[in-house]
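Working notes, beginning with the structure itself.
The values are calculated or read from the model by the stated rules, or taken from the named source; none is laboratory data. Nothing here was measured: the structure is a model prediction, and the numbers come from that model. FYI the Cβ positions are ideal-geometry reconstructions off the backbone, even for glycines, and counts take in every protein chain you see. Heavy atoms of the whole protein, side chains included, go into the accessibility calculation; ligands, DNA and RNA do not. Shrake-Rupley method; radii C 1.70, N 1.55, O 1.52, S 1.80 Å.
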Amino acid sequence: MISHAVNKAEVEGLVRLFNGLMGDQAGSGRPVHGLDRGRFRNILHNTFGMTDDMLTDGVFRAFDKDNDCFVSVKEWTEGLSVLLRGTLDEKIKYCFDVYDMNGDGYISREEMFHMLKNSLIRQPTEEDPDEGIKDLVEITVKKMDHDHDGKLSFADFEKAVKEETLLLEAFGTCLPDAKSILVFEQQAFQEPSEQ
C-alpha cells in the first residue's frame, strides 16, 4: 500500500522515473519485468549513497514483495513512498524486512552478526575483531529481545524502536538521509515539462 504522504502527482513522478530506468534496462535484449537486483542496487548506491551490499540486498527483498527477482512499478512506488515519506510504523516494518535476511520472521544472532560486521570499522590492533561484534550482538539481544527467546521478532523490534527510535537502523543504514531524499524528490517530482 502506498503511503498517504505521497500524492497522486508524486506517484506519477515515481512512475515516470521508473519507466525511464526501465527504458535504460530494455537495451539488454531480454524481456524486462521490472528492475533487477543489480540495477536496483546501482540506484540505491548512486541516489541514496547506500553501499553495503548485504543491506542493499535486504532493501531489494523488502521492495520485491512477490519474490519474482524484479521490482515492478507497483513495488517501486510503494517502497519509495515508505522510504521518502513513510510513518514510523511503516519504516519499522520496512527496516525489519531488510534486516530479516532469510525471511523467517526473525532477526537472528547470526543475521545481526553479519550486518554489524559489515557496518563496523575494524581497528588494526584488534586480535579477534569478531569478539567485539559478538559482544555487540549480545548487548543488542539483551536490549531488544523483549520475549527472551534469543532472536528478534517483529514485535520485539517494534517495541524496542518505539522506546528508542535511534534503534530503527541498529543493524546498518537502510533508509536514505534527509539530503538524499530532498535531491531525489526534486528530480522525481518535477513536472515533465521542467525536466
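In the stretch 163-195, of all residues being surrounded by 14 or more Cβ atoms within 10 Å (Cβ to Cβ) and assigned to a loop (DSSP other than H, G, I, E, B), the one that is nearest to the chain's Cα centre (by Cα) corresponds to C174. Could you tell me which numbered condition D147 fails, if it satisfies all but one of (1) within 21 Å of K159 (Cα to Cα); (2) open to solvent by 80 Å² or more (accessible area, probe 1.4 Å); (3) among the charged types (D, E, K, R); (4) part of a helix (DSSP H, G or I)? D147 satisfies every listed condition except (4). Of all the listed residues (A155, A160), the sole one being open to solvent by 30 Å² or more (accessible area, probe 1.4 Å), of a type in the set (G, A, S), over 16 Å from the mean Cα position of the chain (by Cα) and modelled with pLDDT of 95 or more is A155.
Applying the set (1) over 17 Å from L35 (Cβ atoms); (2) polar (S, T, N, Q); (3) open to solvent by 80 Å² or more (accessible area, probe 1.4 Å) to N67 leaves exactly one unmet item: (1). Selection within the stretch 86-110: residues that are assigned to a helix (DSSP H, G or I) and of a type in the set (D, E). The member of this set that is most open to solvent (accessible area, probe 1.4 Å) is E110.
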